[in-house]
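Presented below is the structure to which this report refers.
The values are calculated or read from the model by the stated rules, or taken from the named source; none is laboratory data. Not measured: the values here are computed from a predicted model. Here Cβ is always computed from backbone atoms with ideal geometry, including for glycine, and neighbour counts include all displayed protein chains. Heads up: the accessible areas ignore ligands, DNA and RNA and are worked out on the full protein's heavy atoms, side chains in. Shrake-Rupley method; radii C 1.70, N 1.55, O 1.52, S 1.80 Å.
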Amino acid sequence: MQYVERVLEELKQKNPNEPEFHQAATEILRGLAPVVARHPEYEQTALLERFVEPERVILFRVPWVDDQGKVRVNKGYRVQFNSAIGPYKGGLRFHPSVNLSIIKFLGLEQILKNSLTGLPIGGGKGGSDFDPKGKSDLEVMRFCQSFMTELFRHIGQDTDVPAGDIGVGGREIGYLFGQYKRIRDEHVGVLTGRGLSYGGSLVRTEATGYGLVYMAEEALKCRGDGFEGKTVVISGSGNVAIYACEKAQQLGAKVVAMYDSNGYIYDGEGIKLEVVKQIKEVERGRIKEYAARVKGSRYFEGCKGIWQIPCDIALPCATQNEIDGASAEALVKNGVKYVGEGANMPTTLEGIAVFQKAGVVFLPAKAANAGGVATSALEMAQSSGRLFWTFEEVDRKLKEIMRNIYRNMDGAAKEYGVAGDYVAGANIAGFIKVANAMMAHGIV
Ligand code: NDP
Ligand code: 2IT
């Protein structure tokens, strides 16, 4: 059996009941086959077996007390996957669906994404099955303090630097940082996505969504095209979705639909983003409210229908496996030309195959959403240098990084004989740097 397929088989046997981890590993390892074929030393040193095994997995109890005085217990996770090229770096996700399979898939993706940024950051991910939805600020604070009371001993500015992800935004990062600082008595860049008053970076809030659109803009430009006048569908209405919408609109596109986990809104006139921001960022409400506030818009219960809406560009920005084979077929049938993944692994393996067969320009998550973590690394650089860059300066660096990632994945795909296959291109371009570092470090 081919090396890649053997490693995948073993991974599935050794890690049963981890479907998301299997899915991410399948996509990554199959994309790496042409690289592995050129490097027999990888098999001799079990490089892929080491690559898919996290360096360290931390599981812990997170007890806290709710507003009624009832004791609650959640699971806490941190997977320190790979530190070959820098300290572990990656977000924390607070969502009831969180389990080890999801954190491991996110961590594995993060290794290559972080490498693609060109900055010195390794890969990690963490989180909890805690659901911030419907909790009071004080409940969220008590949870975050309890979470950090265990996590603090495993992280550090040169060891492991967490950030946000689903359910973890500025509020949560603030509480987590406050508790870390209190326990360690150190004001350091141990978390990114911090507030501007205590070490954060301008543009970090916007970075993932803006970066996604910068990359899509580059892909369009290379084909003599642009965002102006394009119809765009964006799933989600959280941090990534909101700032993808903002930048797409700034570039002249019409965003007609967005969703949250209950249902989607359609506004043929173009989404009024200030209304979405008010509902989601200020009120922490439901997207359904939009239809009640904006005349001519409509709300539809359930998420799947959003992919039936005709569009030129689809930007899935909510969560994994939002676009399955059938949704991909519907998008293709309705004329989609570009798909940029803002969320992590939002397209199933079947969905990716549909897009690629139809010639849709498909920008995979680890490249397309790398702007968030890249700007986190810029935040780390500012923290250690005791510097504070302007919005324009960080935005310019972000744009440059996204263009470079696009060129690198495009170049890698061409070099390895799979031109236009950005899934393989991103995996290859990200992997080579990590593989070189791992080989240099010996068997560790
Ligand atoms: P947020 O928590 O800010 O927003 C998440 C959005 O996705 C919400 O609208 C949420 O709806 C929706 N959503 C979550 N789960 C589901 C689900 N199961 N079904 C339907 N909708 C769902 O998170 P982010 O915007 O930060 O993250 C979105 C995606 O982007 C994630 O995949 C994340 O991993 C990825 N990402 C984030 C980065 C960042 O910097 N924040 C960087 C790179 C990638 P509801 O409110 O109803 O739950
Ligand atoms: O998936 C991701 O890249 C993130 N959630 C951001 C990670 C980070 O460290 O900024």
Leaving out ligands, DNA and RNA, and with a 1.4 Å probe, what % of the accessible surface on the chain is carbon or sulfur?
51
In the stretch 6-85, what chymotrypsin sites (Phe, Trp or Tyr not before Pro) fall in a loop by DSSP, with at most 11 other Cβ atoms inside 10 Å?
none
Sort 144-152, 67-75 for me by packing, meaning the mean count of neighbouring Cβ atoms within 10 Å per residue, highest on top.
144-152, 67-75
With T = 25 °C, eta = 0.890 mPa s and Kirkwood Rh from C-alpha pairs, the Stokes-Einstein D of the stretch 93-161 in µm²/s is about 181
Over the chain, with a Gaussian network built from C-alpha contacts below 10 Å, which listed residue (317, 303, 222) shows the highest mean-square fluctuation?
222
How are the Cα pair distances of the stretch 364-442 distributed, in percent, across 5 Å bins from 0?
3, 15, 19, 18, 17, 15, 9, 4, 1
Mind checking the per residue accessible area of the chain for me, 1.4 Å probe, whole number of Å²?
39
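Evaluate the Kirkwood expression for the hydrodynamic radius of the stretch 152-310, namely the inverse of the mean inverse distance over all pairs of different C-alpha atoms, and round to one decimal in Å.
Taking the inverse mean of 1/r over all distinct Cα pairs, the stretch 152-310 comes out at 17.3 Å.
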Just the number, please: percent antiparallel of the DSSP beta bridges in the chain, rounded to the nearest 5.
55
Across the alpha-carbon set of the chain, Rg over Rh with Rh taken as the Kirkwood radius works out to 0.95
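Hydropathy first: keep DSSP H helices in the chain averaging at least -1.0 on Kyte-Doolittle, then drop any whose Cα extent along the axis falls short of 15 Å, and list what survives.
Qualifying helices, which must be both long enough and hydrophobic enough, are 3-14, 19-38, 100-116, 137-151, 170-184, 204-221, 239-250, 370-385, 422-440.
Rounded to the nearest 0.05, what FRET efficiency do residue 282 and residue 50 have when you use their Cβ-Cβ distance and R0 = 51 Å? All intermediate terms of the calculation are to be shown ahead of the outcome.
Working: r = 46 Å, r/R0 = 0.91.
FRET efficiency, residue 282 to residue 50: 0.65.
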Within the stretch 80-143, how many Lys pairs sit with Cα atoms under 19 Å apart, leaving out pairs fewer than 8 places apart on the same chain?
6
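Please give me the summed charge of the neighbours of residue 115: other residues whose Cβ is under 13 Å from its Cβ, Lys and Arg +1, Asp and Glu -1.
For residues surrounding residue 115, the net value is +3.
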